[in-house]
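The values are calculated or read from the model by the stated rules, or taken from the named source; none is laboratory data. Everything numeric in this text was worked out from a predicted model, so none of it was measured. Cβ: placed from backbone, ideal geometry, glycine included. Neighbour counts: every protein chain shown. In case anyone asks, the SASA skips ligands and DNA or RNA and just uses the protein heavy atoms, side chains included. Shrake-Rupley method; radii C 1.70, N 1.55, O 1.52, S 1.80 Å.
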Amino acid sequence: MEELKLNKRINERCNEARKIRREGKVPGVIYGKKIGNLMFQVEKTALEKELAVSGDYGVLSFDLDGEKGTAVIKEVQKSPVSHKVIHLDLEAVDKNEKMETEVLINFIGKELLESKGEILQIQKDLVKVSCKPEDLPKSIDFDVTAGEVGKVYTFKDLKFSGEVTVVDELSTVIGSVIEKEGMIEDSDSDSSEE
(Lines give C-alpha, C1' and ligand atoms only; values in the text may rest on other atoms or scores of the structure.)
Protein backbone atom coordinates (compact mmCIF):
# COMPACT_ATOMS: atom_id res chain seq x y z
CA MET A 1 0.00 0.00 0.00
CA GLU A 2 1.52 3.30 -1.13
CA GLU A 3 1.45 6.29 1.21
CA LEU A 4 -0.91 9.13 0.34
CA LYS A 5 1.01 12.43 0.59
CA LEU A 6 -0.97 15.00 2.60
CA ASN A 7 0.03 18.63 3.12
CA LYS A 8 -1.16 20.60 6.16
CA ARG A 9 -3.13 23.72 5.43
CA ILE A 10 -4.33 26.68 7.46
CA ASN A 11 -7.77 27.97 6.61
CA GLU A 12 -7.31 31.73 6.53
CA ARG A 13 -10.02 32.65 4.01
CA CYS A 14 -13.57 31.40 3.53
CA ASN A 15 -13.05 30.62 -0.20
CA GLU A 16 -9.82 28.67 0.29
CA ALA A 17 -11.41 25.28 -0.47
CA ARG A 18 -12.48 26.46 -3.96
CA LYS A 19 -8.99 27.81 -4.62
CA ILE A 20 -7.45 24.47 -3.59
CA ARG A 21 -9.78 22.59 -5.96
CA ARG A 22 -8.87 24.92 -8.86
CA GLU A 23 -5.20 24.01 -8.23
CA GLY A 24 -5.99 20.30 -8.78
CA LYS A 25 -6.06 19.38 -5.11
CA VAL A 26 -8.75 18.19 -2.70
CA PRO A 27 -9.19 19.72 0.78
CA GLY A 28 -9.72 17.45 3.74
CA VAL A 29 -9.59 16.97 7.47
CA ILE A 30 -7.88 14.25 9.52
CA TYR A 31 -8.67 13.60 13.17
CA GLY A 32 -7.70 11.08 15.80
CA LYS A 33 -6.64 10.56 19.42
CA LYS A 34 -2.96 11.26 18.86
CA ILE A 35 -3.16 13.66 15.92
CA GLY A 36 -6.03 15.94 16.98
CA ASN A 37 -7.88 17.75 14.16
CA LEU A 38 -5.84 18.94 11.19
CA MET A 39 -6.82 20.32 7.81
CA PHE A 40 -4.89 19.12 4.77
CA GLN A 41 -4.83 19.12 1.01
CA VAL A 42 -3.98 16.22 -1.29
CA GLU A 43 -3.25 15.91 -5.00
CA LYS A 44 -6.49 14.97 -6.77
CA THR A 45 -4.91 12.32 -9.05
CA ALA A 46 -3.12 10.60 -6.14
CA LEU A 47 -6.37 10.55 -4.15
CA GLU A 48 -8.35 9.10 -7.07
CA LYS A 49 -5.77 6.30 -7.46
CA GLU A 50 -5.97 5.54 -3.73
CA LEU A 51 -9.80 5.50 -3.74
CA ALA A 52 -9.76 3.09 -6.70
CA VAL A 53 -7.73 0.68 -4.54
CA SER A 54 -9.17 1.32 -1.05
CA GLY A 55 -12.76 2.23 -1.87
CA ASP A 56 -14.80 4.94 -0.15
CA TYR A 57 -14.59 3.23 3.28
CA GLY A 58 -11.13 1.71 3.16
CA VAL A 59 -7.87 2.05 5.05
CA LEU A 60 -4.86 3.95 3.75
CA SER A 61 -1.33 4.88 4.76
CA PHE A 62 -0.53 8.57 4.82
CA ASP A 63 2.41 10.93 5.11
CA LEU A 64 1.33 14.27 6.57
CA ASP A 65 4.35 16.54 6.13
CA GLY A 66 6.71 13.79 7.35
CA GLU A 67 4.36 12.34 9.99
CA LYS A 68 3.40 8.84 8.82
CA GLY A 69 0.37 6.86 9.89
CA THR A 70 -2.69 4.83 9.04
CA ALA A 71 -6.18 6.25 8.54
CA VAL A 72 -9.69 5.06 7.81
CA ILE A 73 -11.65 6.91 5.13
CA LYS A 74 -14.70 8.21 7.01
CA GLU A 75 -16.35 10.27 4.27
CA VAL A 76 -15.72 11.08 0.63
CA GLN A 77 -17.82 14.07 -0.38
CA LYS A 78 -18.58 14.30 -4.09
CA SER A 79 -20.15 17.03 -6.18
CA PRO A 80 -23.78 16.14 -6.96
CA VAL A 81 -23.30 17.45 -10.51
CA SER A 82 -19.83 16.29 -11.60
CA HIS A 83 -19.43 13.40 -9.08
CA LYS A 84 -15.84 14.56 -8.51
CA VAL A 85 -14.34 14.35 -5.02
CA ILE A 86 -14.62 17.75 -3.31
CA HIS A 87 -13.66 16.90 0.31
CA LEU A 88 -12.19 14.02 2.30
CA ASP A 89 -12.53 13.08 6.00
CA LEU A 90 -9.98 10.70 7.52
CA GLU A 91 -9.68 9.19 11.00
CA ALA A 92 -6.14 8.38 12.09
CA VAL A 93 -5.95 4.95 13.75
CA ASP A 94 -3.31 2.75 15.34
CA LYS A 95 -2.70 -0.12 12.93
CA ASN A 96 -2.15 -2.53 15.85
CA GLU A 97 -5.42 -1.74 17.66
CA LYS A 98 -8.98 -2.73 16.86
CA MET A 99 -11.22 0.01 15.52
CA GLU A 100 -14.89 0.42 14.64
CA THR A 101 -16.00 1.58 11.22
CA GLU A 102 -18.63 0.92 8.55
CA VAL A 103 -18.34 -1.44 5.60
CA LEU A 104 -20.44 -1.28 2.44
CA ILE A 105 -22.78 -4.24 1.79
CA ASN A 106 -22.74 -5.30 -1.87
CA PHE A 107 -26.03 -7.06 -2.64
CA ILE A 108 -25.39 -9.70 -5.34
CA GLY A 109 -28.30 -11.12 -7.35
CA LYS A 110 -30.82 -8.25 -7.27
CA GLU A 111 -31.24 -8.53 -11.06
CA LEU A 112 -32.09 -12.23 -10.83
CA LEU A 113 -34.80 -11.49 -8.25
CA GLU A 114 -36.25 -8.79 -10.52
CA SER A 115 -36.36 -11.23 -13.45
CA LYS A 116 -38.51 -13.51 -11.23
CA GLY A 117 -40.91 -10.63 -10.44
CA GLU A 118 -39.39 -9.95 -7.02
CA ILE A 119 -37.64 -6.92 -5.55
CA LEU A 120 -34.99 -6.70 -2.83
CA GLN A 121 -36.11 -3.89 -0.54
CA ILE A 122 -32.85 -2.66 1.04
CA GLN A 123 -33.04 -1.24 4.57
CA LYS A 124 -29.29 -0.91 5.33
CA ASP A 125 -26.32 -0.88 2.96
CA LEU A 126 -23.63 -0.29 5.60
CA VAL A 127 -22.65 -2.48 8.55
CA LYS A 128 -20.59 -1.34 11.55
CA VAL A 129 -17.70 -3.70 12.27
CA SER A 130 -14.77 -4.00 14.67
CA CYS A 131 -11.32 -5.15 13.49
CA LYS A 132 -7.71 -4.14 13.02
CA PRO A 133 -7.14 -1.80 10.06
CA GLU A 134 -5.30 -4.49 8.06
CA ASP A 135 -8.33 -6.83 8.34
CA LEU A 136 -10.93 -4.29 7.18
CA PRO A 137 -12.63 -5.49 3.99
CA LYS A 138 -13.29 -2.99 1.20
CA SER A 139 -16.90 -4.23 1.13
CA ILE A 140 -18.88 -7.38 1.92
CA ASP A 141 -20.61 -9.30 -0.88
CA PHE A 142 -23.99 -10.68 0.14
CA ASP A 143 -25.73 -13.13 -2.23
CA VAL A 144 -29.53 -12.80 -2.36
CA THR A 145 -30.15 -14.94 -5.48
CA ALA A 146 -31.86 -17.69 -3.45
CA GLY A 147 -34.30 -15.20 -1.91
CA GLU A 148 -38.05 -15.79 -2.13
CA VAL A 149 -40.95 -13.45 -1.43
CA GLY A 150 -41.14 -12.90 2.32
CA LYS A 151 -37.45 -13.65 3.01
CA VAL A 152 -35.94 -11.21 5.52
CA TYR A 153 -32.18 -10.72 5.82
CA THR A 154 -30.42 -9.43 8.97
CA PHE A 155 -26.85 -8.53 9.94
CA LYS A 156 -26.60 -12.08 11.34
CA ASP A 157 -26.72 -13.41 7.74
CA LEU A 158 -23.49 -11.59 6.76
CA LYS A 159 -20.32 -13.71 6.70
CA PHE A 160 -17.00 -12.11 7.67
CA SER A 161 -13.59 -13.59 8.39
CA GLY A 162 -12.84 -14.45 12.03
CA GLU A 163 -10.89 -11.21 12.56
CA VAL A 164 -13.94 -9.03 11.79
CA THR A 165 -16.94 -8.83 14.14
CA VAL A 166 -20.26 -7.08 13.54
CA VAL A 167 -20.94 -4.32 16.09
CA ASP A 168 -24.50 -3.56 14.97
CA GLU A 169 -27.42 -5.46 16.54
CA LEU A 170 -27.42 -8.81 14.70
CA SER A 171 -31.22 -8.92 14.46
CA THR A 172 -31.39 -5.59 12.54
CA VAL A 173 -33.06 -6.04 9.14
CA ILE A 174 -30.85 -5.19 6.16
CA GLY A 175 -33.31 -6.19 3.44
CA SER A 176 -36.34 -8.21 2.48
CA VAL A 177 -37.69 -9.77 -0.70
CA ILE A 178 -41.10 -8.53 -1.84
CA GLU A 179 -43.24 -9.10 -4.91
CA LYS A 180 -43.31 -6.42 -7.62
CA GLU A 181 -46.59 -4.49 -7.40
CA GLY A 182 -47.21 -4.74 -11.14
CA MET A 183 -46.90 -8.54 -10.96
CA ILE A 184 -49.65 -8.74 -8.30
CA GLU A 185 -52.01 -6.62 -10.40
CA ASP A 186 -51.27 -8.66 -13.54
CA SER A 187 -52.01 -11.97 -11.82
CA ASP A 188 -55.25 -10.55 -10.34
CA SER A 189 -56.46 -9.32 -13.74
CA ASP A 190 -55.60 -12.69 -15.36
CA SER A 191 -57.76 -14.60 -12.87
CA SER A 192 -60.68 -12.17 -13.25
CA GLU A 193 -60.72 -12.67 -17.05
CA GLU A 194 -61.31 -16.42 -16.67
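Collect the residues in region 100-124 that are surrounded by 14 or more Cβ atoms within 10 Å (Cβ to Cβ), touching a residue at least 24 places away in the same chain (Cβ under 8 Å) and not in a strand (DSSP E or B), keeping them in residue-number order.
Gly109, Lys110, Leu112, Leu113, Gly117, Lys124
Which one of the conditions (1) in contact with a strand residue (DSSP E or B) (Cβ under 6 Å, 6 or more places away or on another chain); (2) closer than 30 Å to Ser130 by Cβ; (3) of a type in the set (D, E, K, R) does Lys8 fail to meet, given that it meets all the rest?
(2)
Would you mention how many residues in region 40-76 are assigned to a helix (DSSP H, G or I) and either open to solvent by 60 Å² or more (accessible area, probe 1.4 Å) or farther than 15 Å from Asp89 by Cβ (or both)?
Counting residues in region 40-76 that are assigned to a helix (DSSP H, G or I) and either open to solvent by 60 Å² or more (accessible area, probe 1.4 Å) or farther than 15 Å from Asp89 by Cβ (or both) gives 7.
Looking at (1) outside any strand (DSSP E or B); (2) touching a Lys or Arg at 6+ places or on another chain (Cβ under 7 Å), which is the only condition His83 fails?
If we test His83 against (1) outside any strand (DSSP E or B); (2) touching a Lys or Arg at 6+ places or on another chain (Cβ under 7 Å), just (2) comes out false.
Determine which member of the set Lys78, Lys84, Lys74 is closer than 17 Å to Met99 by Cα and among the charged types (D, E, K, R).
Of Lys78, Lys84, Lys74, the one residue that is closer than 17 Å to Met99 by Cα and among the charged types (D, E, K, R) is Lys74.
Is at least one residue of region 90-99 within 19 Å of Lys138 (Cβ to Cβ), open to solvent by 60 Å² or more (accessible area, probe 1.4 Å) and free of Cβ contacts under 8 Å to residues at least 60 places away in the same chain?
Checking region 90-99: at least one residue is within 19 Å of Lys138 (Cβ to Cβ), open to solvent by 60 Å² or more (accessible area, probe 1.4 Å) and free of Cβ contacts under 8 Å to residues at least 60 places away in the same chain.
Exactly one condition in (1) open to solvent by 40 Å² or more (accessible area, probe 1.4 Å); (2) over 30 Å from Lys180 (Cα atoms) is false for Asp168; which is it?
For Asp168, the exception is condition (2).
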